[in-house]
């Protein structure tokens, strides 16, 4: 059966608190300590792992944590086609999906990295491959790998089920095993998509005054 990925919004943005670490607890603790420290180490950090392992969630969560403290950050991702110049007011530089950077973005990333280190600013980057395997310019690739490097792993199915159960309980929603089986079988299995689906189901159930069942899910799909 074909799996579906729904284009629906999150009820709340990514935070370090709502990241279910599972096998990635070491990386989460590292970021929590850094984001919460008044004297932050400038040693760079690189996260790598497959799609849906939580890399973007963690980068966006760190950005949100710093912004909540009144700090500004530099953000570079493949969709930033005209990267700005490095800004000395930035508390950190965050670079996502580095394996997809164009030549222009690689030039900007290297410039940001050098300026950040010279200003004792932190660099947090993420990609799908370990630093040595990235098809990037040599000077950028070597810098991405010289600090803290954490490999992120996908959650197992029992861990995804545990997160869904936890998220449902937090919303006061009951998910039967039958409904959870259907969700895992019918939709994209990455955790962000599943939580987004749960948000959508919760809203639709409230709107229609019905419990979350397989017929309700099918009815919701007909109205998307």
In degrees from 0 to 90, rounded to the nearest 10, what is the angle of the helix 103-118 Cα long axis to the longest principal axis of the chain?
-> 70 degrees
What ranking of 143, 100, 171 emerges when the number of other C-beta atoms within 10 Å of each C-beta is taken as an exposure proxy, fewest first?
-> 100, 171, 143
What angle do you read, to the nearest 10 degrees and between 0 and 90, between the alpha-carbon axis of helix 25-36 and the longest principal axis of the chain?
-> 60 degrees
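Report the semi-axes of the equivalent ellipsoid for region 157-223 in whole Å, largest first, where each axis is √(5λ) for an eigenvalue λ of the Cα gyration tensor.
Working: eigenvalues 62, 34, 22 Å².
Computed over region 157-223, the values are 18, 13, 10 Å.
Ratio of alpha-carbon Rg to the 2.2 N^0.38 Å globular estimate for region 143-182, to two decimals, please.
Numbers: Rg = 16.3 Å, N = 40, 2.2 N^0.38 = 8.9 Å.
Expressed relative to 2.2 N^0.38 Å, the Cα Rg reads 1.82.
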Bin width 10 Å, alpha-carbon pairs only: give the P(r) of region 54-117 as whole percents, running from 0 to the bin holding the largest distance.
-> 22, 53, 24, 0
Two pseudo-spin positions, 7 Å from Cα along C-beta at residue 120 and at residue 91, lie apart in nanometres by 1.6 nm
So what are the radius of gyration and Dmax for the Cα set of region 118-184, in Å?
-> 19.5, 55
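If each residue's Cβ is checked for other Cβ atoms within 10 Å, how do 223, 57 rank with the fewest at the top? Show your work: numbers first, answer last.
Values: 223 8, 57 21.
Final ranking by Cβ density, sparse to dense: 223, 57.
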Enter the angle in degrees (range 0 to 90, nearest 10) between the Cα long axis of helix 214-223 and the first principal axis of the Cα atoms of the chain, meaning the one along which they spread out most.
-> 70 degrees
Report the residue, chosen from 78, 44, 131, that carries the largest GNM mean-square fluctuation when the chain is represented by alpha-carbon nodes joined by springs under 10 Å.
-> 78
Roughly what would the spin-label model give for residue 67 and residue 182, points 7 Å off Cα along C-beta, in nm?
-> 3.6 nm
What is the Cα centroid distance between region 15-45 and region 88-111, reported in whole angstrom?
-> 20 Å
Could you check the simple spin-label distance between residue 211 and residue 29, using points 7 Å along Cα→Cβ, in nm with one decimal?
-> 4.1 nm
Cα-based Rg / Dmax (Å) for region 22-151 = 13.4, 37
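Every read-out reported here was derived from the displayed coordinates using simple, explicitly stated rules and does not represent laboratory data. Worth saying up front: this structure is predicted, and the values here are computed from it rather than measured. Glycine also receives a Cβ, built like all others from the backbone with ideal geometry; neighbour counts cover every protein chain displayed.
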